Amino acid sequence: MNRDLVKALQVAWGVPEFRDGVRHIVDLDEVAVLLAALSDPDHDREVERSLVGLLRSGLDTTEIRDAVLLLLERDEVRRPLVAAMAEPLADRPGQAAAIASAAEDPAARRELRAVLDNARARELIWQAVDDQVNDDRVGLIHRAAVLFLRHRSVRRLVWALRRHGVLRELRRRAEDPSPTG
């Protein structure tokens, strides 16, 4: 397991507000089983659907959502998480740098909170995730368009990500899938 991720999880678990927020709501055994199943490169779509269901119920629970968002405000948790996220992007240093830059921006984090605090936006996000898991590209594009058009907080988050180059780097990867692209 990525040592930055392990460090971030240890620090997160050491934050009383986080631990108290998730202890009585999350079945840690279920999480452990899902993570073990996901680590198998030959896992099936049902494992992905189970994880999406668990994430959905977690982020729809105010206590868990608040605990996770609280962690993103703490440098000692956010930075190792960003480092862990950047490791698989070693072949895309621009994308890793753009994501790290956005994660460090308090305005971008505020917009993320605004999006996740909106129940209708969360529902559309989960529908888009379901479309992605089910390889429904048309549904995914439709949900993304509706999110952007109907939710000002989503537009503000997209503009914040654009300011940090996240969208440019995602587009660059889509245009040129070679590792140097």
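The values are calculated or read from the model by the stated rules, or taken from the named source; none is laboratory data. Because the structure is predicted, anything quoted here is derived from the model rather than measured. Cβ: placed from backbone, ideal geometry, glycine included. Neighbour counts: every protein chain shown. Please note that ligands, DNA and RNA were not included when accessible areas were found on the heavy atoms of the full protein model with its side chains. Shrake-Rupley method; radii C 1.70, N 1.55, O 1.52, S 1.80 Å.
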Summed side-chain charge close to residue 101 - residues other than residue 101 whose Cβ falls under 11 Å, Lys, Arg +1, Asp, Glu -1: -2
Apportionment of accessible area to carbon and sulfur, the stretch 68-181, percent (1.4 Å): 58
In the stretch 36-116, the GluC sites (Glu not before Pro) that fall in loop regions by DSSP, at most 14 other Cβ within 10 Å: 73
Where labels lie 7 Å past Cα in the beta-carbon direction, separation of residue 46 and residue 172 in nm: 4.2
Cβ-derived FRET efficiency at R0 35 Å, residue 66 paired with residue 36, nearest 0.05: 0.80
